[in-house]
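**Student:** Please read through the structure below; I'll follow up with questions.
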Amino acid sequence: RLKNSPMPHKNPVDMLKGMVLTLGQLKIPYFITGGMAVVVWGRPRFTADVDIVVELSPESLPKLASALEQFCKMGMIDRDAMKGALERNGEFNYIDADSDVKVDFWIAGNSPFDREAMKRAVTRETYGTTMSFISPEDLLLSKLLWVKKGSYRSMDDVVTILQTRKDSLDWGYISHWVLTLGVQEELQKAKIIEEALR
């Protein structure tokens, strides 16, 4: 068993803190993204899931699998799904059946943007624990990519980030990647919505 292995988990925040502790003990690079990151860089909103991007290798995968299997009594993990996610740079899930809290682990991609996002992750004290979060700029850009795929919720998140962080964002960095990723139209729509809501 991992040192101080946490159990059980009754809400997403407790699950998040436990996962961060586990990843730290295993020295697996990660950052928190999704709704939890929107809460940090935007405004509070309900999220039932935890989204974490992780850098996994064939060597570190079984260590994480073993740690997740002992994480809590009602936890469910599929090692084959983990291997498949690593092979295709996809995702796998950890589910705490006792609380229905789900953690989506996303394998870090190897594109220039993916590598930059991992490098720019921001460490901060949140919920009484030191955690690594996707930067607000990279969160905005990743949400714009989801908007391009048709996610309406992601547009709400982009607008929220603009409302709360617009003046502090690195717009030189964002402008470069908006062009590279091809999300100019999505950003323009978000800016229009944000201005209309003022």
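**Student:** Output the Cα-based Rg and Dmax of segment 44-110 in Å, rounding Rg to one decimal and Dmax to a whole number.
**Tutor:** According to the Cα coordinates of segment 44-110, Rg and Dmax are 12.1, 37 Å.
**Student:** Further question on the same structure: What are the extents of the Cα atoms of segment 126-198 along their three principal axes, listed from largest to smallest and rounded to whole Å?
**Tutor:** 38, 29, 24
**Student:** What ranking do 20-29, 157-166 get when scored by the average of other Cβ atoms within 10 Å per residue, highest first?
**Tutor:** 157-166, 20-29
**Student:** Please report the carbon-and-sulfur percent of the accessible area for the chain; probe 1.4 Å, protein heavy atoms only, DNA, RNA and ligands left out.
**Tutor:** Answer for the chain is 52 percent, counting heavy atoms of protein chains only.
**Student:** Kirkwood hydrodynamic radius, computed over distinct alpha-carbon pairs, for segment 66-182: how many Å, to one decimal?
**Tutor:** Numbers: mean 1/r = 0.0609 Å⁻¹.
Radius from the Kirkwood sum: 16.4 Å.
**Student:** Which value in deg cm²/dmol, rounded to the nearest 500, describes the helix-derived mean residue ellipticity at 222 nm for the chain, given -39,500 (n - 2.57) per DSSP H run of n ≥ 4 and division by the residue count? If you can, show how the numbers build up before the last one.
**Tutor:** Working: 9 runs with 102 residues, N = 198.
Result for the chain, helices only: -15500 deg cm²/dmol.
**Student:** Separate question: What FRET efficiency comes out for the pair Asn110/Glu69, r = Cβ-Cβ distance, R0 = 30 Å, nearest 0.05? Present the calculation step by step, with values, prior to reporting the outcome.
**Tutor:** Details: r = 27 Å, r/R0 = 0.91.
So the FRET efficiency works out to roughly 0.65.
**Student:** Taking the C-alpha atoms of the chain, how large are the radius of gyration and the largest Cα-Cα span, Dmax, in Å?
**Tutor:** 17.1, 53
**Student:** Net charge near Gln184, counting Lys/Arg +1 and Asp/Glu -1 over other residues with Cβ under 15 Å of its Cβ?
**Tutor:** +2
**Student:** Further question: Sort the following peptides by mean Cβ neighbour count (other Cβ atoms within 10 Å, averaged over residues), highest first: 107-116, 125-134, 167-176.
**Tutor:** Numbers: 107-116: 14.5, 125-134: 16.2, 167-176: 12.3.
Descending packing order for the listed peptides: 125-134, 107-116, 167-176.
**Student:** Turning to a different aspect of this structure: Can you give the extra length, in nm with one decimal, that the chain gains between Tyr173 and Arg198 once fully stretched, where that is 0.36 nm per residue apart less the Cα-Cα distance?
**Tutor:** 6.5 nm
The values are calculated or read from the model by the stated rules, or taken from the named source; none is laboratory data. No experiment lies behind these values; they were computed from the predicted model shown. Please note: Cβ atoms are built from the backbone with ideal geometry, for glycine as well, and neighbour counts cover all protein chains shown. We work out accessible area using only protein heavy atoms, side chains counted, and drop any ligands, DNA or RNA first. Shrake-Rupley method; radii C 1.70, N 1.55, O 1.52, S 1.80 Å.
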